[in-house]
Amino acid sequence: MLFRDDNKVRVNQNSISTFIGADTKVEGTLITHSSVRIDGTVVGGVVADGTVVLSQSGEIQGNTIAENIVIAGVIDGNITVKDKTNIEPTGEVYGDISTSKILIDEQSVFQGKCNMNIDRTKSKKGRLRLKETLKPNSEADAAAKTEAKPAAKSESKPAPAEASKKEEKSAALKVETLE
């Protein structure tokens, strides 16, 4: 059976402006305004405006934030990706993932939670929840309105205890006149 790989992150090797070699260890957060390929180790995390490509020999110990990510190495930390996340067969992720789209190979390792469709308006259930929160006549609004009305009118009318006493007196007068 053949599967289409249209969902995979396409990486143009010429667009990668930062390269961390296999014999390199970076301590601290690596921040780049473009794409990065990591063959070495980053201890502290990665923030990239472009794509992060983590090769088989690559390792990230910390949180990662990127536009797209391809994981063939090991990440020990949470991942936040705006668009696509690919975990290749040799990839290992130990942490939570927030992404719009994800592709996890069956031979890879993923231990954590995944939150997809960050933009809730793109999913059917998210649109339904959004409609419910925007309804002007929800049950909570109706309950709030009914509670607010008696409080506003209580200033102009006598208190309920006083009103019931007046009703009792008028009922007593009616009874007396009927007899």
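The values are calculated or read from the model by the stated rules, or taken from the named source; none is laboratory data. Predicted model, so just to flag it, every value in this text is computed and none were measured. Glycine gets a Cβ as well: all are built from the backbone with ideal geometry, and neighbour counts include every protein chain shown.
Quick one: in region 99-124, of everything that is modelled with pLDDT of 90 or more and among the small types (Gly, Ala, Ser), which residue is farthest from ILE79 (Cα to Cα)?
SER108
Answer with yes or no whether GLY77 is buried (at least 17 other Cβ atoms within 10 Å of the Cβ) and out of contact with any Ser or Thr (no Cβ under 6 Å at 6 or more places or on another chain).
yes
Going through region 20-36 one residue at a time, which ones are in contact with a Gly (Cβ under 8 Å, 6 or more places away or on another chain) and assigned to a strand (DSSP E or B)?
Within region 20-36, ILE20, LYS25, VAL26, GLU27, LEU30, THR32, SER35, VAL36 meet the criteria.
Looking at SER35, SER15 in this structure, which one is modelled with pLDDT under 95, on the phi < 0 side of the Ramachandran plot and crowded, with 17+ Cβ neighbours inside 10 Å?
SER35
Okay, residues lined up against (1) assigned by TED's automatic domain parsing to the domain that holds ILE20; (2) within 30 Å of THR29 (Cα to Cα); (3) hydrophobic (A, V, I, L, M, F, W, C); (4) at pLDDT below 95:
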position: ILE69; (1), (2), (3), (4): yes, yes, yes, no
position: GLY126; (1), (2), (3), (4): no, no, no, yes
position: ASP141; (1), (2), (3), (4): no, no, no, yes
position: ALA144; (1), (2), (3), (4): no, no, yes, yes
position: GLU147; (1), (2), (3), (4): no, no, no, yes
position: GLU162; (1), (2), (3), (4): no, no, no, yes
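Hey, does region 51-68 have a residue that's closer than 18 Å to SER100 by Cα and surrounded by fewer than 18 Cβ atoms within 10 Å (Cβ to Cβ)?
Within region 51-68 (the criterion being closer than 18 Å to SER100 by Cα and surrounded by fewer than 18 Cβ atoms within 10 Å (Cβ to Cβ)), the answer is yes, since at least one residue qualifies.
Please work out which residue is modelled with the lowest pLDDT, limiting yourself to region 18-32 and to residues that are closer than 17 Å to VAL53 by Cβ and among the hydroxyl-bearing types (Ser, Thr, Tyr).
My answer is THR18.
Take region 29-59 and flag every residue that is without any contact (Cβ under 8 Å) to a residue 40 or more places away in the chain and hydrophobic (A, V, I, L, M, F, W, C).
Within region 29-59, LEU30, ILE31, VAL36, ILE38, VAL42, VAL43, VAL46, VAL47, ALA48, VAL52, LEU54 qualify.
Identify the residue in region 78-92 that is touching a Gly at 6+ places or on another chain (Cβ under 8 Å) and not hydrophobic (A, V, I, L, M, F, W, C) and, among all such residues, is farthest from ILE65 (Cα to Cα).
Only one residue fits best here, namely THR90.
Would you confirm whether or not region 57-64 contains a residue that is among the small types (Gly, Ala, Ser), under 22 Å from THR90 (Cβ atoms), modelled with pLDDT of 95 or more and within 23 Å of the chain's Cα centre (by Cα)?
yes
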